[in-house]
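Take a look at the structure set out below.
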Amino acid sequence: MNKNDYKDIWIVAEQWEGEIQEISFELLTRGIALREQRSCALNVMVFGDDISERELRGLLARGADKVLFVKDPALKYFLVEPYAAAMLDIVEKYSPETILAGATSTGRTLMPYVAVKAHAGLTADCTSLEYDSETGDLLQTRPAIGGNIMATIKTPGHRPQMATVRPKSTSPAPILKKRGGEIVVETTTFTPISKIKKMKHIPNEDEISIQDAEKVVVVGRGLKKAENLPVVRAFADEIGAALGASRDVVDRGWLSYPHQVGLSGKTITPKLYIGLGVSGAIQHLAGMRTTENIIAVNIDPDAQIFKVADIGIVGDMFEVLPELAETLRKHEVKQ
Amino acid sequence: MRIIVPIKQVPETKSVRMDESTGTVIREGVESIINPLDLYAIELALQIKEKLGGEVVALTMGPPKALEALKEAVAMGVDEARLVSDRVFGGSDTWATSDALSEAIRKIGNFDLIICGERATDGDTGQVGPGIAAFLDIPVLSYVNKLAEINDDECVVHRLIERGEDVSSCGYPLLLTVVKEVSDPRLPTLRGKKKAKNLDIPVWGEKDLGLDASLLGLKGSPTRVAKIFRPKVTRECEMTVANDHTSIEAACANVAEFLTRRNLI
């Protein structure tokens, strides 16, 4: 293998019912920074059946040099076999030096499948990426051992070098005026077959997703029992926040897994995080510490959560919560 | 139905301590456990076996000590176990690990389903499950949180994805990676523990798997760890103690002021 035969940065955009998903724009932010360092092209691959030109142009407007849309009815939604086949086709044809995808349910399934078949290096859940200017190796930094350490991984002897990037770990690339770029629509050169049949999709109930919410109230083990949840939920509703949970809370079955914040759950970067009875295990902190404003209430003055908080209240969450709700209510009236 | 469950022995993450001077993880004295998500995979496999009959085989790659994890799986009700262990496998990244495990699975042979935990708590990559599927050239359904239907020809599962759940069906052979909602792991039984004690668990090395030596361990791994460091986590926290009515009121007023200042209310 000759490393010099491989060039350019490619990102794997995601679409849902023809609409390009925000993670794709976040990947463009990463790609734009890397393009600066590497002086190469930043290309996008996207798989689907029916994606409007307007949607594809959006990717160019946000900084891509080329968008390659692989169009086939079998690629309408994510199915690992046809998607992997289409992606391997691109690897074969374009020899990408670097491929970035979101660390989403799609990216985290597709990328390892493709990396095995392409004998490529793959690093999961990266939070920071930069090039080694001499070797062109991508230095991929990610949390490991439950967030206790950060590890920088590289792929010295293989190409492409592939990485998945945590959703919400960076902001989406803004739309720039006056940008050129090329849209290429290709059909597949093979007949995509999927042994898996998708039968239906059950959308989340209209509860706000913790990853999309501007404010998130997170409960920890301090909740003590599931019966105490309605008080917290009412507070979250009142201030328009989504409800999140620490791993302990989910492990005990007090809230379901989609609510879990942390390395083994979701990374969140809302404008405001309010932690109630959350101790702040490293694996939890790794999933929320880049939040702009952090408030924590915990009975234990030594709780790790206070290390990342802006405001810390050492006290019983059940004594503080009613007063806090009342204070904020009065404040609202005054405004 | 023949089901293979690849598992991993991991350090109990909650008790992981760091050597502050070197920034490395202290492994000594840290308890080893079966990766928690793998317990859900084992439980699901056992439930399927109870429904359809057949056999469940647990498989792991690791040092000789990893036999403990396999014995625990047997104590839960797994029928057979295999350990892949050889110095040459040391330093394997997810590519080389998937390669070795898929080769071991080929050697076990004759399987319908492979069920993996979605990720391990130490490496936290979640790449080995789909990686094994790719080496075996079989489909993978990841993030499975519910087994809706299963018979000898196919199964229907729910996948937990960002916007909800996808319901998919697939025939065999098939690999599933599961998240914690999929089952409620049982505890080892006394009978299981006795069985585990007496069960002969084959240990397979490089020669048994007949793999290309250049593709094993660190040599066969495309990725390298370039650097390890401790994350910086601190910011200036304004702390107040709230233990009586007055101090609670003051603390809450302070929060309201902070939120106003930052334009959050």
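Laboratory data are not the source of any read-out in this text; all were calculated from the coordinates shown. Model, not experiment: these values are computed from the prediction. Because the Cβ atoms are built from the backbone with ideal geometry, glycine has one as well, and the counts that use them run over all protein chains shown.
Determine which member of the set B:V30, B:V78 is within 14 Å of chain A (Cβ to nearest Cβ), assigned to a loop (DSSP other than H, G, I, E, B) and at negative phi.
Values: B:V78 fails: within 14 Å of chain A (Cβ to nearest Cβ).
Selected residue: B:V30, the only one of B:V30, B:V78 that is within 14 Å of chain A (Cβ to nearest Cβ), assigned to a loop (DSSP other than H, G, I, E, B) and at negative phi.
A:N293: polar (S, T, N, Q), in contact (Cβ under 8 Å) with a residue 12 or more places away in the chain and within 15 Å of B:I248 (Cα to Cα), yes or no?
When the stated conditions are applied, A:N293 does not pass them.
Just name the residue that is farthest from B:L215 (Cα to Cα) out of those in region B:100-136 that are among the β-branched types (V, I, T) and more than 8 Å from chain A (Cβ to nearest Cβ). Let's see the steps before the verdict.
Kept after step one, since they are among the β-branched types (V, I, T), are these residues of region B:100-136: B:105, B:108, B:114-115, B:121, B:125, B:128, B:132.
Then keep just the ones that are more than 8 Å from chain A (Cβ to nearest Cβ); that gives B:105, B:108, B:114-115, B:132.
Numbers: B:I105: 17, B:I108: 20, B:I114: 23, B:I115: 25, B:I132: 15 Å.
The residue in question is B:I115.
Looking only at region A:61-108, how many residues end up being hydrophobic (A, V, I, L, M, F, W, C), within 14 Å of chain B (Cβ to nearest Cβ) and over 22 Å from the mean Cα position of the chain (by Cα)?
Step one: list which residues in region A:61-108 are hydrophobic (A, V, I, L, M, F, W, C), which gives A:61, A:64, A:67-70, A:74-75, A:78-80, A:84-88, A:90-91, A:99-101, A:103.
Subset that is within 14 Å of chain B (Cβ to nearest Cβ): A:74, A:78-80, A:84-85, A:87-88, A:91, A:99, A:101, A:103.
Those left that are additionally over 22 Å from the mean Cα position of the chain (by Cα): A:74, A:85, A:88, A:91.
Number satisfying all stated conditions: 4.
Restricting attention to region B:204-216, does a residue exist that is assigned to a strand (DSSP E or B) and hydroxyl-bearing (S, T, Y)? Talk me through it step by step, then tell me what you get.
From region B:204-216, those assigned to a strand (DSSP E or B) are B:204; that's our starting set.
Next, only the ones that are hydroxyl-bearing (S, T, Y) stay: none.
No, every residue in region B:204-216 fails to be assigned to a strand (DSSP E or B) and hydroxyl-bearing (S, T, Y).
Tell me, yes or no, whether region B:210-228 has at least one residue that is surrounded by fewer than 15 Cβ atoms within 10 Å (Cβ to Cβ), of a type in the set (G, A, S) and in contact with a helix residue (DSSP H, G or I) (Cβ under 8 Å, 6 or more places away or on another chain).
Yes, region B:210-228 contains at least one residue that is surrounded by fewer than 15 Cβ atoms within 10 Å (Cβ to Cβ), of a type in the set (G, A, S) and in contact with a helix residue (DSSP H, G or I) (Cβ under 8 Å, 6 or more places away or on another chain).
Just to be sure, is B:A134 in a strand (DSSP E or B) and among the small types (G, A, S)? Working first, answer last.
Numbers: in a strand (DSSP E or B): no; among the small types (G, A, S): yes.
It is false that B:A134 is in a strand (DSSP E or B) and among the small types (G, A, S).
Which one of these does A:Q21 not meet: (1) surrounded by fewer than 22 Cβ atoms within 10 Å (Cβ to Cβ); (2) over 18 Å from the mean Cα position of the chain (by Cα); (3) of a type in the set (S, T, N, Q)?
(2)
Select from region B:229-249 the residues that are more than 7 Å from every other protein chain (Cβ to nearest Cβ) and loosely packed, with under 14 Cβ neighbours inside 10 Å and write down the one among them that is farthest from A:D300 (Cα to Cα). Even if it seems obvious, please write down each step before you answer.
We begin by selecting, within region B:229-249, every residue more than 7 Å from every other protein chain (Cβ to nearest Cβ); these are B:232, B:236, B:244-247.
Remaining after also requiring loosely packed, with under 14 Cβ neighbours inside 10 Å: B:232, B:236, B:244-246.
Details: B:K232: 22, B:E236: 18, B:D244: 16, B:H245: 18, B:T246: 19 Å.
Among those residues, the one meeting the criterion is B:K232.
Can you give me the ranges of the strands (runs of 3 or more DSSP E) entirely in region A:157-258 with at least 1 residues that are more than 22 Å from the chain's Cα centre (by Cα)? Give the derivation first.
Values: elements: A:161-165, A:182-187, A:197-203, A:215-219, A:242-245.
Here the list reads A:182-187, A:197-203.
Looking at B:L199, B:L209, B:L174 in this structure, which one is touching a Cys at 6+ places or on another chain (Cβ under 8 Å), in contact (Cβ under 8 Å) with a residue 40 or more places away in the chain, more than 7 Å from chain A (Cβ to nearest Cβ) and within 24 Å of B:N35 (Cβ to Cβ)? Walk me through how you get there before you give the answer.
Numbers: B:L199 fails: touching a Cys at 6+ places or on another chain (Cβ under 8 Å); B:L209 fails: touching a Cys at 6+ places or on another chain (Cβ under 8 Å).
Going through B:L199, B:L209, B:L174 in turn, the sole match is B:L174.
Taking the residues in region A:260-269 that are within 12 Å of chain B (Cβ to nearest Cβ) and not in a loop (DSSP other than H, G, I, E, B) as candidates, determine which candidate is farthest from the chain's Cα centre (by Cα).
The residue in question is A:Q260.
Which residue pairs have Cβ atoms under 7 Å apart, sit 6 or more places apart or on different chains, and have a first residue in region A:238-259 that is within 11 Å of chain B (Cβ to nearest Cβ) and a second that is polar (S, T, N, Q) and surrounded by 22 or more Cβ atoms within 10 Å (Cβ to Cβ)?
Once the first residue is within 11 Å of chain B (Cβ to nearest Cβ) and sits in region A:238-259, its partners that are polar (S, T, N, Q) and surrounded by 22 or more Cβ atoms within 10 Å (Cβ to Cβ) give A:R247/A:Q260; A:R247/A:S264; A:R247/A:Q283; A:V250/A:Q260.
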